[in-house]
Amino acid sequence: AFQQAIDVSPTGKVGAWTLTLLRREPKRPAAPPVAASAHAKPDRPLWAVQILMGEPRWPKHWACGAVGNAQEEAFADLRVGAAGDKEAGKATAFTIWQLRHDRHVGFKAFAKARGKDELDFETQVLWCPQELKTSEKLAWKWLQQAETVEQATAAIAFYERPAGYISPKAKTAKAWDEVLAVARKVSHWDKRLAYANALFKRI
């Protein structure tokens, strides 16, 4: 029941991530304006798009491309407690962006600097633009040039680096046909793009 409440897959086993969350009082995100009623679950994908179009002032297609990728990584409803990419039986990727190792450490520092809990939804969403402008400049370069939802989705695939991501080809890409060729080989590309397009049509 606790795992369901914090949006972690309800295995019934106390893994490292569940134990971390058990040891703290999870701060639930405030209900966004897109919730249908006081009793409705927040529409987190739409909420995430609104966050990205707000403070960082991203164009709609950028935001939809980013959130579409996150939906494929951390479930369609963007679970802040999502944990995956297991190694030796332990999860190694966390947050809606499925951050690993140094990137997860960087996110923790970002949350602390904002005075927020790691489970704060807005903080998790805003980590993407923060990281793009600092350590993920290749993805940021392509996102700034993206003119369509498909291109924005491809740029964020460079940020996500999912299974199938071909780093050498990504780093030497000179034009959008090359970027898209790499992105279309990553895991669940069609699903990522479908999520992004669906969001774009709703706004």
Exercise for review: Kindly check whether there is at least one residue in region 102-112 that is within 19 Å of Arg57 (Cβ to Cβ) and either at pLDDT below 95 or crowded, with 20+ Cβ neighbours inside 10 Å (or both).
Suggested key: no
Study note, to complete from the structure: Given the conditions (1) modelled with pLDDT of 95 or more; (2) buried (at least 17 other Cβ atoms within 10 Å of the Cβ), every one holds for Glu160 apart from (1)
Practice item. Would you point out the residue of region 139-149, among those that are surrounded by fewer than 17 Cβ atoms within 10 Å (Cβ to Cβ) and out of contact with any His (no Cβ under 8 Å at 6 or more places or on another chain), that is farthest from Lys60 (Cα to Cα)? Key: Lys141
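From the list Thr92, Thr134, Thr123, pick out the single residue that is free of Cβ contacts under 8 Å to residues at least 24 places away in the same chain and buried (at least 18 other Cβ atoms within 10 Å of the Cβ). Before the answer, list the steps.
Working: Thr92 fails: buried (at least 18 other Cβ atoms within 10 Å of the Cβ); Thr134 fails: buried (at least 18 other Cβ atoms within 10 Å of the Cβ).
Matching residue, one of Thr92, Thr134, Thr123: Thr123.
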Check your understanding: Could you say whether any residue in region 69-78 is touching a residue at least 12 places away in the same chain (Cβ under 8 Å), among the small types (Gly, Ala, Ser), touching a helix residue (DSSP H, G or I) at 6+ places or on another chain (Cβ under 9 Å) and open to solvent by 10 Å² or more (accessible area, probe 1.4 Å)?
Key -> yes
Point to revise | Pair list, Cβ < 9 Å and 6+ apart or interchain, from region 186-198 residues that are closer than 13 Å to Ile156 by Cβ and without any contact (Cβ under 8 Å) to a residue 40 or more places away in the chain to residues that are surrounded by fewer than 20 Cβ atoms within 10 Å (Cβ to Cβ) and of a type in the set (A, V, I, L, M) | key: Val186/Ala163; Val186/Ile166
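Has region 177-186 got any residue that is modelled with pLDDT of 95 or more, on the phi < 0 side of the Ramachandran plot, among the β-branched types (Val, Ile, Thr) and open to solvent by 50 Å² or more (accessible area, probe 1.4 Å)? Outline the logic, then answer.
Our first condition is that a residue be modelled with pLDDT of 95 or more; within region 177-186, this holds for 177-186.
Restricting the remaining residues to those that are on the phi < 0 side of the Ramachandran plot gives 177-186.
Within this subset, residues satisfying the condition of being among the β-branched types (Val, Ile, Thr) are 179, 182, 186.
Still in the running and open to solvent by 50 Å² or more (accessible area, probe 1.4 Å): none.
No.
The values are calculated or read from the model by the stated rules, or taken from the named source; none is laboratory data. Worth saying up front: this structure is predicted, and the values here are computed from it rather than measured. Don't worry about glycine lacking a Cβ; one is built from the backbone with ideal geometry, like all the others, and counts go over all protein chains shown. With ligands, DNA and RNA removed, areas are computed over all heavy atoms of the protein, side chains included. Shrake-Rupley method; radii C 1.70, N 1.55, O 1.52, S 1.80 Å.
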